[in-house]
Amino acid sequence: MIYDVLIIGGGVTGCCIARTLSKYDIKIALLEKEADIASGTTKANSGVVHAGYASQREYLKRDMCIKGNKMYTQAAEELKFPFQRIGSFVVALEDNQIKDLEEERNNGIQDGILGLELILDKTKIKHMEPNLTDDVVGVLHASSAGIVSPYEMTFALAENAAMNGVNFFRNHKVNRIRHQDYIFELKTQQGVFKARNVINAAGLFASKISKMVGLDYFDIMPRKGEYILFDRNAMHLNKILFPTATKVSKGILVCPTAHGNTFVGPNAQNISDKKDTTTTEAGLKEILEGARKLVPNLPNRASIRNFAGLRAIPNTYDFIIDNTDVYGFINVAGILSPGLTSCYAIAERVTEYLELLGVNMKPNEKYNPNRPKPERFKNFSKEELDQKIRKDPTWGRIICRCETIPEKEILDAIHAPVGAINVDGVKFRCRPGMGRCQGGFCRPRVMEILSRELNIPYQDITKKSEDSYFLVSKTKDELLKKSESGEAE
Amino acid sequence: MKSYKADVLVIGAGAAGLAAAIEVKKAGLKVLIIERDKELGGITLQCIHNGFGLKEFEEELTGPEYAQRFINQVLDLKIPYILDTMVIEITRDKKIYAVNNKEGLIEVSAKAIILAMGCREKTRGAINIPGFRPAGIYTAGQAQRFVNIEGYLPGNTYVILGSGDIGMIMARRLTWEGCTVKAVVEIQPYVSGLLRNQVQCLEDYDIPLITSYTVTKIHGRDRIQGVSIAKVSKDYDRIIGSERFIECDTLLLSVGLIPENELTLQAGATLSNNGGPLVDNNLETTIEGIFACGNVLQVHDLVDMVTSEAKRAGKNVVDYIQNRYDKPIKKEEKIKCVAGENINYLKPNNVNKSDIDSKIIFNFRVTYPDRRVIIQFRDENNKVIFKRKKVYVIPSEMVELEVNLKEIGVETTIKEIRIEIIPRPEVLIEED
């Protein structure tokens, strides 16, 4: 079987391209090296849909961001992922920063960004965001900025793409690519995949994949960003809060998530190891200190998790979206911030490239842009809830106490197209273990459900990768082993 | 929608809920228990070690045995209960909504509610340990559940952070299973659990206890491969250069318990600084007719103490229904109870002036250990109204004081009682 298009990488970029291309009557597959999609940069970022004023004007990423932002409304409607346009503040704490904000606003308006407003009235600012520091002198308000759950959006994209005929292969790491007679042969441990066109959306490892076809013209550096997440009840923010930016990064944010938690972060640390997602004592301190400049009364005692993500920084500091010299090989690399915002615009551009490459982009007659809305216990009225449980009792068995997640939502997460196969997969799809107890009560129950539904022994259920096992043996096994070898008394 | 009616609804069927329900039923009132787990008994069911019941029954029982004594009474008294049922809402007018998979949505109307939801363990996020986020990090209670209830071992080689009681008990339990516990690491200069557990669970098994140290980094991307630990100063700052690596495949956390009060907040009640609801001397929260007892109110050292507090709550609820319910609310004048020097938190948070001539039980924990101290009560004008000597105080042991305020000369004009722990003024040479 020869695919028309093979996509390497199941992050938000790869999945968005897959879903966009599923509108056409072509054969598509996506290969992901990890046990699940949305496992890399997609899983650990700020989840901010930027308005687009922040990047320098000569960069492609600015253009993609401004376009991509506008495409979110329709995407969220079709795919039913958590997305809210709550608006952002860039906060000036000193008078001399106001002119930077003015410039950003003026350039932004010229470039077609709607809803940009410079606010200097402190009373009005504090009314809009009461948690903000009293030291504020002005803000650039961008009403088109929003918050999204990046991984839930990616799961939604994959689900919808799969509904429309895209094949997903997880745990499929591409080790080698052969290119002969306009056919690419991608070698994985599980076999060889053939395609006429390849899209390289391998994130941090995009340069490695590109080199496999002899294209060695860019580098990707990992830049670490650390975060601290607070309990949902600890603080309620109305706005995404940025400090006035420096050249290196947009600075440390204080921001709500799409589920109403507050987080602080990220810092920006250039590192060399593309797998180093450790948080550090110094980093956590740095982000707390940075965040306190914007919001002095952070709920420190209500932190529930710290984590770090790696941004894929290209040496060009701009998106690399290229129809390359290797005919049929498209690089979608170096998708740094605002990559999440830009993904729909990027996918559109990739579609145009495929047309240029002569792929027969006939519409897929069966294409359905609408993903069924995931049903959530929390959204039901009491009457609806009662009826739901009567029809399906798994609605009435609460597995996660902190987030009130019933068994039914977990079953849906497992049985959805490209569904959950491990504990983190369930957690990121429907939130058991995301709350303040961090899975303390629900984890054994989630493991039990995964074991039953996927027919995997309880002991073999993992957290994320194959090596992230939870249990080593049944009790007494160790003792029996020792007594057999004569070690025990 | 299925609906139930009762005089008293008890939320939680652990040690606290069972004892409180029994007390209410014995007084002839109609009581209903709602429990989220599949059986009665609560967390004591996974505590298969001994040491329970010395106070309550004057004999030594295991956790499940202790629970069974109360379960038997519940059955004998025919107290109705619903299992596998989650309370999802307590409205401000005391309507309770719950769900389970057999009856669907359940509505309960009750004259009074006893909150007995217990507590939960602090997690890694709550103490912000840096490093990777691999599998193999469990709270001590979660590991206890895997080993004692599910019958699985979560790892072979352990480091335990925190010397809470469950952590120390699990150190012994895992050693019995043939596992290696390389160290129990405690950030404070002293053990945070009970002395008897330090002796019986660590010392008796030669398990190293490393105090004034904490875990500073978690190693291993997929499954934990080890931890870095470092010495801390008096102010809990890491001492540079003291870091060392311990290889392990599992990290257990026994770093404290937090009362579980999401429902309490939803009902509109106010919480105090220990995470439990603000209560008066009747264990009534700031919402009339809603009472709290057990670990949801304050984390206790021993289950026997939970039981005695729950019995007290049960009796007070009976009194509420018989004498106060449905009567015009009498505006109670209250004496505020305030934590002073070396008091971490205290219960009750206020005393009704009408109860001044009855025994009031004060419970509190200290912030730091001290020896040869005086427990002192002062009024709002700083006048000392009560003094008692104590040989030592430590944070791991809750102090209980029974005081009749009128007998010690407290007048109803008093507005505030501040409790404090101070060193004894006499300069004495320590005798060994």
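The values are calculated or read from the model by the stated rules, or taken from the named source; none is laboratory data. For clarity, every value in this text was computed on a predicted model and none was experimentally measured. Cβ coordinates were reconstructed from backbone atoms using ideal geometry, including for glycine residues, and neighbour counts include every protein chain displayed. Side chains included, ligands, DNA and RNA excluded: accessible areas come from the protein's heavy atoms. Shrake-Rupley method; radii C 1.70, N 1.55, O 1.52, S 1.80 Å.
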Can you figure out the FRET efficiency of B:Lys330 with B:Asp370, using R₀ = 25 Å and their beta-carbon distance, to the nearest 0.05? 0.05
Chymotrypsin sites (Phe, Trp or Tyr not before Pro) in the range A:153-190 lying in a DSSP loop, each with at most 12 other Cβ atoms within 10 Å of its Cβ, come to A:Tyr182
Just counting partner chain Cβ atoms within 10 Å, what average do the residues of peptide B:94-106 show around their Cβ? 5
Given the range A:153-311 reduced to its alpha-carbon atoms as identical point scatterers, what log10 I(q)/I(0) does the Debye formula return at q = 0.10, 0.21 Å⁻¹? -0.55, -1.27
Computed lengthening from A:Ile456 to A:Tyr217, 0.36 nm per intervening residue step minus Cα-Cα distance: 81.6 nm
Might you work out the accessible area of B:Ile239 for me, using a 1.4 Å probe with all protein chains in place, and round it to the nearest 10 Å²? 70 Å²
Roughly how many debye, to the nearest 20, is the charge dipole of the range A:334-380 about its Cα centre, given +1 on each Lys and Arg Cβ, -1 on each Asp and Glu Cβ, and no other charges? 360 debye
Could you give the semi-axes, largest first, of the ellipsoid that matches the range A:217-321, computed as the square roots of 5 times the alpha carbon gyration tensor eigenvalues and rounded to whole Å? 26, 15, 12
Interface residues, the range A:365-401 - accessible area loss of 50 Å² or more versus chain alone, probe 1.4 Å: A:Lys382, A:Asp386, A:Ile389, A:Arg397, A:Arg401
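State in Å² the accessible area per residue of the protein assembly as shown; use a 1.4 Å probe, count heavy atoms of protein chains only, and round to the nearest integer. List each step's numbers first, then the result.
On the way: 38360 Å² over 921 residues.
So the protein assembly as shown comes to 42 Å² accessible per residue, rounded to a whole number.
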When only the heavy atoms of the protein chains count and the probe is 1.4 Å, how do A:Leu294, B:Leu75 rank by accessible area, highest first? B:Leu75, A:Leu294
Give, in whole angstrom and from largest to smallest, the semi-axes √(5λ) of the equivalent ellipsoid of the range B:110-191, with λ running over the eigenvalues of the Cα gyration tensor. 26, 18, 14
How much accessible area is lost when chains A and B come together, counting both sides, with a 1.4 Å probe, in Å² rounded to the nearest 100? 4900 Å²
Going by accessible area, probe 1.4 Å, with all protein chains left in place, what is the ranking of A:Phe428, B:Phe362, largest first? A:Phe428, B:Phe362
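Can you check what the net charge comes to around A:Val332, using other residues whose Cβ is under 11 Å from the Cβ of A:Val332 (Lys, Arg +1; Asp, Glu -1)?
Combined, the nearby Lys, Arg, Asp and Glu give 0.
Can you bin the range B:291-343 into rounded, prolate or oblate? Criterion: square roots of the alpha carbon gyration tensor eigenvalues sorted a ≥ b ≥ c, rounded for a/c under 1.5, prolate for a/b above b/c, oblate for the rest.
The shape class here is oblate.
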With a 1.4 Å probe on protein heavy atoms only, tell me which residues of the range A:278-316 lose at least 30 Å² of accessible surface in the complex relative to the chain by itself. A:Thr278, A:Thr279, A:Glu281, A:Ser303, A:Arg305, A:Asn306
Mind checking which of B:Gln200, B:Gly167, B:Leu105 is farthest towards the positive end of the range B:75-211's charge dipole, using Cβ charges of +1 (Lys, Arg) and -1 (Asp, Glu) about the Cα centre? B:Leu105
Dipole axis of chain A (+1 Lys, Arg; -1 Asp, Glu on Cβ), positive-most option in A:Leu357, A:Ala161, A:Phe205: A:Ala161
D_trans [Stokes-Einstein, Kirkwood Rh over alpha-carbon pairs] for the range A:328-424, 4 °C, 1.567 mPa s, µm² s⁻¹: 74 µm²/s
Given a Förster distance of 35 angstrom, what is the FRET efficiency for A:Lys362 paired with A:Thr188, based on the Cβ-Cβ distance and rounded to 0.05? 0.75
Need one value: the accessible area of B:Glu59 in square angstrom, 1.4 angstrom probe, rounded to the nearest 10. 80 Å²
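Taking every DSSP beta bridge that has both residues in chain B, what percent is antiparallel when rounded to the nearest 5?
Working: 55 of 95 bridges.
Percent antiparallel among DSSP bridges in chain B is about 60.
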Share of Cα-Cα pairs in the range B:144-219 beyond 16 Å, in percent? 46 percent
Do the sum for the protein assembly as shown: with -39,500 (n - 2.57) for every DSSP H run of n ≥ 4, divided by all residues, what is the mean residue ellipticity at 222 nm, to the nearest 500 deg cm²/dmol? -7000 deg cm²/dmol
Which one, B:Gln322, B:Val306, B:Leu346, is farthest towards the positive end of the dipole of the range B:290-376 when Lys and Arg carry +1 and Asp and Glu -1 on their Cβ? B:Gln322
Contact order relative to length of the range B:108-250, as percent, for alpha carbon pairs under 8 angstrom and 6 or more apart: 24 percent
Over all pairs of different Cα atoms in the range A:11-75, the reciprocal of the mean inverse distance gives a Kirkwood radius in Å of 13.9 Å
Can you give me the P(r) profile for the range A:332-489? Cα pairs, bins 5 angstrom wide beginning at 0, each as a whole percent. 1, 7, 12, 13, 12, 12, 11, 11, 8, 6, 3, 2, 1, 1, 0, 0
Taking the chain alone as reference and the full protein assembly as comparison, with a 1.4 Å probe on protein heavy atoms only, the residues of the range B:142-158 that lose at least 30 Å² of accessible area are B:Gln142, B:Arg145, B:Phe146, B:Glu150, B:Gly151, B:Tyr152, B:Leu153, B:Asn156
Can you tell me what the convex hull of the Cα atoms of the range B:39-116 projects to on average, as an area in nm²? 6.6 nm²
Using +1 on the beta carbon of Lys and Arg, -1 on that of Asp and Glu, and nothing else charged, what's the dipole of the range A:1-133 about the Cα centre, debye to 20? 300 debye
Mind grabbing the accessible area of A:Tyr53 for me, 1.4 Å probe, Å², rounded to tens? 20 Å²
Computed log₁₀ I(q)/I(0) - Debye formula, equal Cα scatterers, no solvent, the range A:115-210, q 0.16, 0.25 Å⁻¹: -0.81, -1.32
Dipole in debye (nearest 20) - the protein assembly as shown, about Cα centre, beta carbon charges: Lys, Arg +1; Asp, Glu -1: 1360 debye
Could you calculate the FRET efficiency of A:His127 with A:Asn297 from 1/(1 + (r/R0)^6), where r is the beta carbon distance between them and R0 is 22 Å, rounded to 0.05? 0.80
Evaluate 2.2 N^0.38 Å with N set to the residue count of chain B, then give the Cα radius of gyration divided by it. 1.04
For the range B:307-368, give the percent of accessible area contributed by carbon and sulfur heavy atoms, probe 1.4 Å, rounded to a whole number. 48 percent
I'd like the carbon and sulfur percentage of the solvent accessible area for chain A, probe radius 1.4 Å, heavy atoms only, ligands and nucleic acids excluded. 48 percent
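With only alpha-carbon atoms in the gyration tensor, what are the semi-axes of the equivalent ellipsoid for the protein assembly as shown, in Å, largest first? Can you show the working numbers first?
Details: eigenvalues 544, 196, 168 Å².
In descending order the semi-axes read 52, 31, 29 Å.
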